[in-house]
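Rule-based calculations on the coordinates, nothing more; no lab input. Computed from a predicted structure; not experimentally measured. Reconstructed Cβ throughout: ideal geometry from the backbone, glycine too, with neighbour counts over all protein chains shown.
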Amino acid sequence: MYVCNCNGIRERQVRDAIAAGARRPADIFKSRACTVKCAKCVCDMRSMIAEARETLRFAAE
Ligand code: FES
């Protein structure tokens, strides 16, 4: 499934970027060597980043 249709970024690629240290949507775009265009995907990316942080927080407890 695509998270970013403008740049063809898939969900798996977003998760990989987050696992590699992306903390902002801009980091995800940078990891894919592209830039934000319409920005419709930014909220979804922020949610995925927050979800990953929550998962790590619970894992650390
Ligand atoms: S859907 Fe990601 S920039 Fe447009």
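For residues that are within 20 Å of Arg57 (Cα to Cα) and either of a type in the set (D, E, K, R) or more than 13 Å from the ligand (Cβ to nearest atom) (or both), tally how many sit in the stretch 1-43.
Going through the stretch 1-43 one residue at a time, the tally reaches 10.
Within the stretch 1-31, count every residue that is charged (D, E, K, R) and over 10 Å from the mean Cα position of the chain (by Cα).
1
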